[in-house]
Amino acid sequence: MSTDVVLTGITTTGTPHLGNYVGAIRPTVAASHDTGMQSFYFLADYHALVKNQDPERLRQSSLEVAASWLALGLDTEQAVFYRQSDIPEIPELTWILSSITAKGLMNRAHAYKAAVTENEEAGGHDPDKGITMGLFGYPVLMTADILMFRATKVPVGRDQKQHVEMARDIAQRFNHIYGDTFALPEAVIDDNTALLSGLDGRKMSKSYNNTIPLFAPSKKLRKLIMKIKTNSLEPGEPKDTEASTVFDIYRAIATSEETAVMQRKFAEGVGWGDTKQELFEYLDAHLSGPRDEYDRLMANPGQVESILQSGAQRAREIAGPFMRKVRTAVGIRALG
Ligand code: TRP
């Protein structure tokens, strides 16, 4: 029986927030220490290019995402930790896969369809207005990320599930045409942690502008937590944990015993101000150690760079020979 290969990437479009921590960073850090599997974690900076055309922000976000992962204890000896753009074999594989990917499959991608719908609703003449080839081909690049390292388990948020299914389809098609080459990946979605609510109660997301940055300084963290939307129940009135963002965030970080205590306080009518203060203190204490390390790494980008370079070297030791195999399979080979 072969062991699973786990792989996931984070798009470097912004500053990591609590939702990224709970949904992607924390589980991957934990998994990186598991000696029973091989794992690959990377900065998806080519994916970021589709949404972010500000060079300085792109660089800054890559540094922030890498520093966050490292500060929280990613085991870079066990796991292969790298930056997508350091692996030239990935765009190379993307082209080969594009050549066998049906355009119709890409037409069905949720992100592309949403962009088209938005254009249609805006009433313009061009349904593809403002849509780049990068956005359209995004799932193929993601497929190359996954297939390159023969990943079998791909932990992602629910919104990325379709992309992993597409990767599986494309792998099957390639294997059918050229012979068994790629492993078939499967999305792994953790329903408990995948969705964290943001300041306004909607899903915490960069696009809603409702995030709490993971390593915000104490003062800023407190200020943001005090802004979390609540209902107008007074202290003394019992409160529902189910519809509460304060509770949702607390539960995502605290142990189950601590969560049970908080639940009791809600039932007993704790005031919103007190719940927020408690959430703040809890988060601040929980994150202060990693935050110091994060600040140190942010001030030493050269150190982060050299960690990424050693990861890239390990990744290319796999990607290089594998790409030679793929090229040979499709007929791009020496003539004599
Ligand atoms: N597109 C993913 C996201 O935005 C990030 C990503 C890029 C990824 N390549 C990947 C995730 C490969 C898993 C596997 O969340």
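Quick notes
- Only one entry of L72, L93, L97 meets the criterion of being within 16 Å of the chain's Cα centre (by Cα) and either modelled with pLDDT of 95 or more or within 15 Å of the ligand (Cβ to nearest atom) (or both), and that entry is L72.
- Any hit, segment 178-187, residues being in a helix (DSSP H, G or I), over 14 Å from the mean Cα position of the chain (by Cα) and within 10 Å of the ligand (Cβ to nearest atom): no
- Flag: A243 does not match the condition of being in the same structural domain as L287 (by TED's automatic domain parsing) and in a helix (DSSP H, G or I).
- Restricting attention to segment 293-336 and to residues that are of a type in the set (V, I, T) and over 21 Å from G9 (Cβ atoms), the residue that is surrounded by the fewest Cβ atoms within 10 Å (Cβ to Cβ) turns out to be I332.
Results for (1) within 24 Å of the chain's Cα centre (by Cα); (2) closer than 23 Å to I25 by Cβ; (3) assigned by TED's automatic domain parsing to the domain that holds V22; (4) open to solvent by less than 100 Å² (accessible area, probe 1.4 Å), shown as yes or no for each residue.
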| site | (1), (2), (3), (4) |
| --- | --- |
| R202 | yes, yes, no, no |
| K206 | yes, yes, no, yes |
| N209 | yes, yes, no, no |
| T230 | no, no, no, yes |
| E237 | no, no, no, yes |
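- Residue check, A171 at pLDDT 95 or above and out of contact with any strand residue (DSSP E or B) (no Cβ under 9 Å at 6 or more places or on another chain): yes
- Segment 296-310 residues that are part of a helix (DSSP H, G or I), paired with ones that are open to solvent by 70 Å² or more (accessible area, probe 1.4 Å) (beta carbon under 8 Å, 6 or more apart): L297/Q303
- Any pair with Cβ under 8 angstrom, 6 or more apart, that starts in segment 1-30 at a residue that is open to solvent by 30 Å² or more (accessible area, probe 1.4 Å) and of a type in the set (G, A, S) and ends at one that is assigned to a loop (DSSP other than H, G, I, E, B) and more than 12 Å from the ligand (Cβ to nearest atom): G23/D190; G23/T193; G23/L195; G23/L196
- Segment 59-76 residues that are under 15 Å from D45 (Cα atoms), paired with ones that are assigned to a helix (DSSP H, G or I) and open to solvent by 30 Å² or more (accessible area, probe 1.4 Å) (beta carbon under 7 Å, 6 or more apart): L63/M298; L63/P301; A67/M298
- Of all the numbered requirements in (1) at pLDDT 95 or above; (2) not in a loop (DSSP other than H, G, I, E, B), D248 misses one, and that requirement is (1).
- Candidates are the residues of segment 156-187 that are free of Cβ contacts under 8 Å to residues at least 40 places away in the same chain and among the aliphatic types (A, V, I, L, M); the one that is farthest from K325 (Cα to Cα) is A187.
- Filter result for Y21 (outside any helix (DSSP H, G or I), within 16 Å of the ligand (Cβ to nearest atom), under 26 Å from I253 (Cα atoms) and outside the structural domain of A252 (by TED's automatic domain parsing)): no
- Test: residue in segment 53-62 that is closer than 26 Å to E89 by Cα, of a type in the set (D, E, K, R), in a helix (DSSP H, G or I) and within 12 Å of the ligand (Cβ to nearest atom): no
- Criterion (closer than 30 Å to Q313 by Cβ, in the same structural domain as R150 (by TED's automatic domain parsing), of a type outside the set (V, I, T) and touching a residue at least 40 places away in the same chain (Cβ under 8 Å)) met by exactly one of L97, L105, L135: L97
- Filter result (near the ligand (Cβ under 10 Å from one of its atoms), at pLDDT 95 or above and in a helix (DSSP H, G or I)) within segment 149-168: H163, V164, A167
- When F81 is tested against (1) touching a residue at least 12 places away in the same chain (Cβ under 8 Å); (2) more than 12 Å from the ligand (Cβ to nearest atom); (3) in a helix (DSSP H, G or I); (4) under 17 Å from P16 (Cβ atoms), just one condition goes unmet, and that condition is (3).
- Tally of residues being within 12 Å of the ligand (Cβ to nearest atom), free of Cβ contacts under 8 Å to residues at least 60 places away in the same chain and assigned to a helix (DSSP H, G or I) across segment 31-50: 2
- Flag: A216 does not match the condition of being outside any helix (DSSP H, G or I), open to solvent by 60 Å² or more (accessible area, probe 1.4 Å) and of a type in the set (A, V, I, L, M, F, W, C).
The values are calculated or read from the model by the stated rules, or taken from the named source; none is laboratory data. Quick caveat, the model's predicted, so the values are computed rather than measured. Cβ atoms come from the backbone with ideal geometry, glycine included; neighbour counts cover every protein chain shown. Accessible surface areas use protein heavy atoms only, side chains included; no ligands, DNA or RNA. Shrake-Rupley method; radii C 1.70, N 1.55, O 1.52, S 1.80 Å.
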